[in-house]
1. For the stretch 31-41, state whether one or more residues are modelled with pLDDT under 80 and of a type outside the set (Asp, Glu).
2. Mind listing just one residue for me: the one in the stretch 11-23 that is outside any loop (DSSP other than H, G, I, E, B) and aromatic (Phe, Trp, Tyr) and, of those, farthest from VAL99 (Cα to Cα)?
3. Restricting attention to the stretch 60-101, which residues are at pLDDT below 90 and hydroxyl-bearing (Ser, Thr, Tyr)?
4. Please determine, by comparing only the residues of the stretch 24-57 that are in a loop (DSSP other than H, G, I, E, B) and of a type in the set (A, V, I, L, M), which one is surrounded by the most Cβ atoms within 10 Å (Cβ to Cβ).
Amino acid sequence: MAETTGDELLPEAFARWFAARGWAPHAHQLALLRAAREGRSALLVAPTGGGKTLAGFLPSLVELAARPGEGLHTLYVSPLKALAVDVHRNLGVPLAELVPALRAEARTGDTPVALTRPDLLGTRLQHEHSMAVIQDAPVVLAPGANVERGF
């Protein structure tokens, strides 16, 4: 299979967003985007400050920018409340500028991107309605492993 370049993977609006900051997407960010496009799971290992958060969420942002939908799309399970808060804050600018209609919220299931902790997820899974919402989420991200199952 031929390698896909960043130009072919990254929609124009996203490429402009990176360029406006003087950035280029990291190879691992494009690799996760490629894996998602191909419907493959991925494991990302990168150093602190290496763009893991954006890498993990980039496939969801691209998908939701192209095809916004109702309900939960991406579930982020954080082992620490502070980490979930940091990720939520760090997603603020990309969300606002790339997918302005998209909402990301902590501890909820009525938004396309939800951030929660394992203990809260366990509590929520005890409720039939929550399980119905969560089971249809095509993307699940877990920090430390940044595991993503494809679209």
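1. Checking the stretch 31-41: not a single residue is modelled with pLDDT under 80 and of a type outside the set (Asp, Glu).
2. PHE18
3. Hits for the stretch 60-101 are THR74, TYR76, SER78.
4. LEU44
The values are calculated or read from the model by the stated rules, or taken from the named source; none is laboratory data. Keep in mind that this is a model prediction, so the values were computed, not measured. Using ideal geometry, Cβ is built from the backbone for each residue, glycine included, and neighbour counts are taken over all protein chains shown.
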